Amino acid sequence: MSEFYGEPDDVLSNKTEVNKAGMKLPEVLFKIRVRVESDNENPFEWKDMYTSDYFKGKKCILFALPGAFTPTCSSSHLPGYEESYEIFKKLGVDEVYCLSVNDAFVMRKWGLDQGLEEDMTPGSLGFKNVKLIPDGACQFTRGMGMSCTWGSERGFGERSWRYSCYVVDGVVKKMFVEQPMIQNSEADPFQVSDANTMLEYLKNEVVNELTHQMAQLQ
């Protein structure tokens, strides 16, 4: 059962596979915290990261969710990708990113609460496997067209709708969006942005690529 209840407002989309293939990710600024060499109890400093710093020249999975510490995000969405991380790597994925409209402090605390292994290397992006991206100002989420506002529901305010996408060199190749996408949604659908759906898609991509290569040899 969903953790979200209430009266739904505007329906924004009813298409599970939103046709955003070929869309370039919005280039925005993220304010993150990176580890530094220090004996201080807070060995971090601010760093500016841009979309291209995360995605340029890489094959990446990006999944976004309404909020750190919320039930489905914590019990299923993030854990599923963390558990499948090594399989994604074997399928040729360079990085797996989780994005939420939360600040850098909240995202790190959530990652630790989830049991993610922290990368203690100075300059690291926080965690060894799935990396957490804080979209605190909601600029990336708005640029993706995935902004939703929960008012009377939970008082979340503006957050990201739940989705996942496969991104190659900063360009969306495939995107899965939970449906129906509704402002102030009553439900919190979680059917297609999960790790298993992405795994099946990437496995099919590998098979298709091998089939193409074999055909080229004939």
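With label points built 7 Å along Cα→Cβ from the Cα atoms of residue 210 and residue 76, find their separation and express it in nm.
My value for the distance between the label points is 3.1 nm.
In nm, give the distance between the simple-model label positions of residue 105 and residue 203, each being 7 Å from the Cα along the Cα-to-Cβ direction.
For the pair residue 105/residue 203, the computed spacing is 4.3 nm.
So in the chain, what percent of DSSP beta bridges are antiparallel if you round to the nearest 5?
Beta bridges within the chain, antiparallel portion: roughly 75 percent.
So, with +1 on the Cβ of K and R and -1 on the Cβ of D and E, and no other charges, what is the size of the charge dipole of the range 11-217 about its Cα centre, to the nearest 20 debye?
In total the dipole reaches around 560 debye.
Using 0.36 nm times the number of residues separating residue 142 and residue 217, minus their current alpha carbon distance, what extension gain do you get?
Full extension from residue 142 to residue 217 adds 22.5 nm.
Once every DSSP H run of n ≥ 4 in the chain is given -39500 (n - 2.57) and the sum is divided by its residues, what mean residue ellipticity at 222 nm do you get, rounded to the nearest 500 deg cm²/dmol?
-7000 deg cm²/dmol
Is the range 27-157 best put as rounded, prolate or oblate by its Cα gyration tensor, with a ≥ b ≥ c the root eigenvalues, rounded for a/c under 1.5, and otherwise prolate when a/b is larger than b/c, oblate when not?
Verdict is rounded for the range 27-157.
Starting from the Cα of residue 29, step 7 Å along the direction of its Cβ; do the same at residue 118; then give the gap between the two resulting points in nm.
Between residue 29 and residue 118, the label points sit 2.7 nm apart.
Under a Cβ-Cβ cut-off of 12 Å, what is the net charge of the residues other than residue 116 that fall near it, where Lys and Arg count +1 and Asp and Glu count -1?
-2
Which of the listed residues, 84, 100, 51, is farthest toward the dipole's positive end in the chain, when Lys, Arg count +1 and Asp, Glu count -1 at the beta-carbon?
51
Taking Cα pairs under 8 Å and at least six residues apart, what relative contact order does the range 11-217 come out at, in percent?
Answer for the range 11-217 is 30 percent.
Quick one: go through the range 20-64 and flag any residue whose amide nitrogen is under 18 Å from the point 7 Å out along the Cα-to-Cβ line of residue 169.
Answer for this model: 21-27, 51-61.
Rounded to the nearest 0.05, what FRET efficiency do residue 90 and residue 152 give with R0 = 45 Å and r taken as the Cβ-Cβ distance? Could you check?
0.50
Bear in mind that the values in this text are calculations on the coordinates, not laboratory data. Just so you know, these numbers come straight off a predicted model, no measurement behind them. A quick note on method: Cβ atoms are made from the backbone with ideal geometry, for glycine too, and the neighbour counts reach across all protein chains shown.
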